[in-house]
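Undergrad: Structure in structure tokens, see below.
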Amino acid sequence: MCGIVGAVAQRNITPILIEGLKRLEYRGYDSCGVALHTDGRLQRSRSTSRVAELEKQMQEVGLQGFTGIAHTRWATHGAPASHNAHPHFSPSSDNARIALVHNGIIENHDELRAELIALGYVFQSQTDTEVIAHLVDHLYTGDLFETVQQAVKRLHGAYAIAVFSREEPHRVVAARQGSPLIVGLGKGENFVASDAMALAGTTDQIIYLEEGDVVDLQLGRAWIVDVNGKQVEREVKTVHAHTGAAELGPYRHYMQKEIFEQPRVVGDTLEGVTGIMPELFGDEAYKVFKEIDRVLILACGTSYYSGLTAKYWIESIAKVPVSVEIASEYRYRDSVPNPSTLVVTISQSGETADTIAALKHARSLGMENTLTICNVATSAMVRECKLAYITRAGVEVGVASTKAFTTQLSALFLLTLSLAQVNGRLTEEEEAAHLKDMRHLPSAISAVLALEPQIMAWAEDFARKENALFLGRGMHYPIALEGALKLKEISYIHAEAYPAGELKHGPLALVTEEMPVVTIAPNDALIEKLKSNMQEVRARGGQLYVFADVDSRITSGEGVHVIRMPEHYGCLSPILHVVSLQLLAYHTALARGTDVDKPRNLAKSVTVE
Ligand code: F6R
């Protein structure tokens with residue numbers, strides 16, 4: 001989703017801006033642009049192609065400068081077209097005084113647009129961002145810092161902005177409310193960006209701006225005022241951000257690489273766990289876990305499905321009631337808060353706007369015991385929560401989440417055991433058995449990865465379909481949901497998931513000979529029930545594609561295709577079964593020739609509502 005980089009320096013900052021944009025590419029975008037202060041004028045270059053193309057374009061015209069801003073845009077208001085790409089200029093392209101980039105959504109943009117049109121401003125784009133550029137120009141007093149403080153008072157909604165003026169060549173002003181923004185401090189130069197990773201290699205001295213902050217970046221100073229206009233000091237942190245995406249190595253796509261990294265990253269996430277103890281989640285965890293008597297999980301998308309899986313674990317092993325809510329729904333509905341709730345947010349990026357807003361909403365309802373399972377230690381989510389467990393998936397580049405999911409599940413299983421222990425529900429023998437299973441997970445996942453050639457053969461069939469059903473039961477129902485999500489995201493095949501017992505209550509009407517039905521068949525207590533559900537599909541001519549545990553006694557036959565999962569893995573079985581579904585989605589997308597790592601319309605880090 002939108003990414004911002006800005007710099008004020010005494011050297012040509014083009015390489016810093018371009019490198020920053022490249023590091024933000026993983027978030028997903030459909031256009032990009034850079035504006036620089038050059039020879040007393042504001043100049044810009046924009047592209048609806050990749051950042052590398054923008055870089056070429058800038059080299060061709062020799063665009064350089066000491067002060068500037070850059071942006072990757074994920075379209076919300078207005079199509080992904082070059083006239084909608086940021087930076088936006090005001091009062092006009094030929095006579096630009098103000099250049100501005102924005103991440104977020106301005107809710108009162110219609111009202112402001114009408115006001116600015118009445119003042120004579122001519123709009124070049126359909127974006128809500130251009131409204132802010134004209135507003136800043138309209139209010140401009142000759143002091144950009146002061147002007148931006150006035151302008152943001154008129155904005156409703158979420159924003160992170162960076163802006164500079166033709167008339168103040170060594171100044172960039174930035175502000176945030178509801179969207180992430182950080183400041184990077186250099187020697188005689190300063191930077192602003194959506195996250196610390198964008199500045200990796202440029203500076204590791206990072207300030208995380210707080211809600212309502214406005215920052216004045218000049219060569220030798222970075223002054224911040226808070227939401228009340230009062231000058232404030234914010235803590236400077238040394239952040240060793242990941243230096244971006246690793247090499248692809250022998251893989252064709254990052255998604256494939258990330259699927260194959262799972263044995264290692266699950267091992268890394270559980271590394272050092274030699275015993276179950278609440279302190280794995282933070283110093284205060286024991287006290288918090290003792291205090292709470294229920295769990296509320298808030299997340300979106302794939303992270304939501306890991307939460308749904310955890311509900312099965314926590315309720316059956318720790319005997320603590322769990323509700324799991326889609327963050328974007330929870331924040332807007334009337335719920336019944338209970339202060340003795342442990343609020344758990346799950347997020348790969350730690351910056352998902354809906355999840356952060358849901359977390360704040362939960363806190364505003366008096367639920368102060370918060371924990372996050374997150375892949376980015378420096379993210380807003382980690383900073384907002386009392387307790388945290390950092391998964392060690394590493395940078396996930398593919399938009400479709402894979403290794404983040406299995407590491408989340410690993411962390412959630414640890415949380416389950418910790419809650420069970422605090423509640424006196426975990427014997428030493430059980431603890432030892434679970435630890436043994438967790439240690440074996442990396443090699444169990446590797447055995448599933450070895451099924452790739454068989455899954456590739458299935459993918460050929462799937463690539464020709466436009467619909468698919470996924471069935472699972474119990475804790476494998478969320479895995480069926482995740483398998484269907486992966487398939488739709490990257491192959492664009494319409495896929496639905498159901499708990500298998502629900503089939504006859506409606507979706508069975510969809511089953512014909514044309515319908516592939518992926519069935520997750522672990523050898524658990526529900527296997528005989530599942531076999532009956534499979535018969536219901538076969539009786540209607542549906543084609544079953546079954547991932548069956550080795551000892552589940554399901555065999556291939558007419559209309560029944562079976563891939564044998566190497567071993568039955570008890571509670572941790574969802575972590576193995578999802579890997580086979582990831583491979584199925586990946587190879588189906590590959591056969592259909594889609595842009596696997598950057599599926600259409602999707603962004604990696606969803607920082608707007
Ligand atoms: C799907 C996917 C998304 C994310 C969702 C939440 O493959 O990646 O559904 O899971 O946007 O993102 P995070 O986990 O960063 O909060």
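Just so you know, all these numbers are worked out from the coordinates, no wet-lab data involved. Just so it is clear, the structure is predicted and the values come from calculations on it, not from any experiment. Note that each Cβ is placed from the backbone with ideal geometry, even for glycine, and that neighbours are counted across all protein chains shown.
Undergrad: Among Thr402, Gly307, Pro516, pick out the residue whose Cα is farthest towards the positive end of the charge dipole of the chain, where Lys and Arg carry +1 and Asp and Glu carry -1 on C-beta, about the Cα centre.
TA: Working it through, the farthest residue towards the positive pole turns out to be Pro516.
Undergrad: Then there's this: Give the shape of the chain as rounded, prolate or oblate, defined through the alpha-carbon gyration tensor: a ≥ b ≥ c are the square roots of its eigenvalues, a/c under 1.5 means rounded, and otherwise the shape is prolate if a/b is larger than b/c and oblate if not. Write down the numbers at each step before the final one.
TA: Details: a/c = 2.13, a/b = 1.66, b/c = 1.28.
It comes out prolate by the Cα gyration axes.
Undergrad: Where does the charge balance sit around His102 when Lys and Arg score +1, Asp and Glu -1, over other residues with C-beta under 12 Å from its C-beta? Don't jump to the answer; show the numbers that get you there.
TA: Details: positive: Arg73, Arg176; negative: Asp128, Glu130.
Here the charged neighbours net out to 0.
Undergrad: Helix 477-491: angle to the longest alpha-carbon principal axis of the chain, degrees 0 to 90, nearest 10?
TA: Helix 477-491 and the main axis of the chain meet at about 50 degrees.
Undergrad: Taking R0 as 25 Å, what FRET efficiency do you get between Lys56 and Leu219 from their Cβ-Cβ distance, rounded to the nearest 0.05? Let's see the in-between values first.
TA: Numbers: r = 29 Å, r/R0 = 1.18.
According to the calculation, E is roughly 0.25.
Undergrad: Per DSSP H run of at least 4 residues, take -39500 (n - 2.57); add these up for the chain, divide by its residues and hand me the 222 nm value, nearest 500 deg cm²/dmol.
TA: Working: 18 runs with 211 residues, N = 609.
Taking each H run of at least 4 residues, the total per residue is -10500 deg cm²/dmol.
Undergrad: Could you state the number of Å between the C-alpha centres of region 466-545 and region 236-307?
TA: Centre-to-centre distance over Cα atoms comes out at 29 Å.
Undergrad: Also, I was wondering about something else. Measuring from a point 7 Å past the Cα of Tyr332 along Cα-to-C-beta, which residues in region 86-130 have an amide N at less than 19 Å?
TA: 104-110
Undergrad: Further question: Set the bar at 23 Å for Cα to Cα. Now go through Lys22/Lys230; Lys486/Lys604; Lys386/Lys436; Lys360/Lys403; Lys504/Lys529; Lys187/Lys604 and name every pair that lies beyond it. Working shown, then result.
TA: Details: Lys22/Lys230 35 Å; Lys486/Lys604 14 Å; Lys386/Lys436 29 Å; Lys360/Lys403 27 Å; Lys504/Lys529 13 Å; Lys187/Lys604 32 Å.
Long pairs (Cα-Cα over 23 Å): Lys22/Lys230; Lys386/Lys436; Lys360/Lys403; Lys187/Lys604.
Undergrad: Here's another thing I want to ask about it. Counting only other residues whose beta carbon sits under 15 Å from that of Tyr332, what net charge do I get with K and R as +1, D and E as -1?
TA: Details: positive: Arg331, Arg333, Lys360; negative: Glu107, Glu325, Glu329, Asp334, Asp354, Glu609.
With Lys, Arg at +1 and Asp, Glu at -1, the neighbours total -3.
Undergrad: Something else now. Percent relative contact order of the chain, based on C-alpha pairs within less than 8 angstrom and at least six residues apart? Mind dumping the intermediate values first?
TA: Working: 1375 pairs, mean separation 73.8, N = 609.
Computed over the chain, the figure is 12 percent.
Undergrad: Can you give me the relative contact order of region 84-167 as a percent, contacts being Cα pairs under 8 Å and 6 or more apart?
TA: Values: 122 pairs, mean separation 35.6, N = 84.
The value is 42 percent.
Undergrad: Mind ordering 124-134, 45-55 by average Cβ neighbours within 10 Å, highest first? Before the final figure, lay out each step's value.
TA: On the way: 124-134: 24.1, 45-55: 19.2.
In descending order of packing, they fall as 124-134, 45-55.
Undergrad: Is region 299-441 rounded, prolate or oblate when judged by the Cα gyration tensor, a ≥ b ≥ c being the square roots of its eigenvalues, rounded requiring a/c under 1.5 and prolate requiring a/b larger than b/c? Spell out each step's value before the answer.
TA: Working: a/c = 1.92, a/b = 1.20, b/c = 1.60.
Oblate, because a/c is 1.5 or more while a/b does not exceed b/c.
Undergrad: Any idea which of Leu217, Leu449, Gly275 is furthest toward the positive side of the dipole for the chain, if Lys and Arg beta-carbons carry +1 and Asp and Glu beta-carbons -1?
TA: Selected residue: Leu449.
Undergrad: Can you return the aspartates and glutamates within cross-link range of Lys598? Criterion is Cα-Cα under 13 Å, with same-chain partners fewer than 8 residues away left out.
TA: Glu25, Asp30, Glu396, Glu489
Undergrad: Continuing with this model, one more query. Write out the trypsin sites (Lys or Arg not before Pro) in region 396-440 meeting two conditions: DSSP loop, and at most 13 other Cβ atoms within 10 Å of their Cβ. Please list the in-between numbers first.
TA: Values: sites: Lys403, Arg425, Lys436, Arg439; in loops: Arg425.
Passing both the DSSP loop test and the Cβ count: no residue.
Undergrad: Where a ≥ b ≥ c are the square roots of the eigenvalues of the C-alpha gyration tensor, would you call region 378-505 rounded, which needs a/c under 1.5, or, failing that, prolate if a/b is larger than b/c, or oblate?
TA: On the way: a/c = 1.80, a/b = 1.58, b/c = 1.14.
Judged from the Cα gyration tensor, region 378-505 comes out prolate (a/c at least 1.5, a/b above b/c).
Undergrad: Please list, in order along region 372-378, the HN-Hα scalar couplings obtained from phi with the Karplus expression 6.51 cos²θ - 1.76 cosθ + 1.60 (θ = phi - 60°), rounded to whole Hz, x for Gly and Pro.
TA: Per residue, the Karplus-derived 3J(HN,Hα) values read 10, 9, 9, 9, 10, 4, 9 Hz.
Undergrad: Cβ under 9 Å from Gly157's Cβ, Gly157 left aside: what net charge do those residues give with Lys, Arg +1 and Asp, Glu -1? Write down the numbers at each step before the final one.
TA: Numbers: positive: none; negative: Glu107, Asp128, Glu609.
Summing Lys/Arg as +1 and Asp/Glu as -1 gives -3.
Undergrad: Note the angle between two axes, namely the Cα long axis of helix 428-449 and the longest principal axis of the Cα atoms of the chain, as a number of degrees from 0 to 90, rounded to the nearest 10.
TA: That helix lies at roughly 80 degrees to the long axis.
Undergrad: Moving on. Calculate one ³J(HN,Hα) per residue across region 405-410 by plugging θ = phi - 60° into the Karplus curve 6.51 cos²θ - 1.76 cosθ + 1.60, and present them in order as whole Hz with x for glycine and proline.
TA: With the stated coefficients, region 405-410 comes to 5, 5, 6, 4, 4, 4 Hz.
Undergrad: Counting DSSP beta bridges with both partners in the chain, what percentage is antiparallel, nearest 5?
TA: Roughly 60 percent of the beta bridges in the chain run antiparallel, per DSSP.
Undergrad: Dipole size in debye (nearest 20) for region 125-226 around its Cα centre, Lys and Arg Cβ +1, Asp and Glu Cβ -1?
TA: On the way: 7 positive and 15 negative charges, 19 e Å.
Roughly 100 debye, rounded to the nearest 20.
Undergrad: Could you go through region 547-564 in sequence order and give the Karplus-derived ³J(HN,Hα) for each residue, using 6.51 cos²θ - 1.76 cosθ + 1.60 with θ = phi - 60°, rounded to whole Hz, and x for Gly and Pro?
TA: 8, 10, 4, 3, 9, 8, 6, 10, 10, 5, x, 5, x, 10, 9, 10, 10, 8
Undergrad: For Val324, what residues show an amide H to amide H distance below 5 Å, using hydrogens built from the backbone and excluding near sequence neighbours?
TA: Amide H neighbours of Val324, under 5 Å, 5+ apart: Ile297.
Undergrad: If one takes the longest principal axis of the Cα atoms in the chain, at what angle in degrees, from 0 to 90 and to the nearest 10, does the Cα axis of helix 353-364 lie?
TA: For helix 353-364, the angle is close to 90 degrees.
Undergrad: OK, next. 7 Å from Cα along Cα→Cβ at both Arg166 and Glu279: what's the point-to-point distance in nm?
TA: Reported label-point gap for Arg166 and Glu279 is 6.2 nm.
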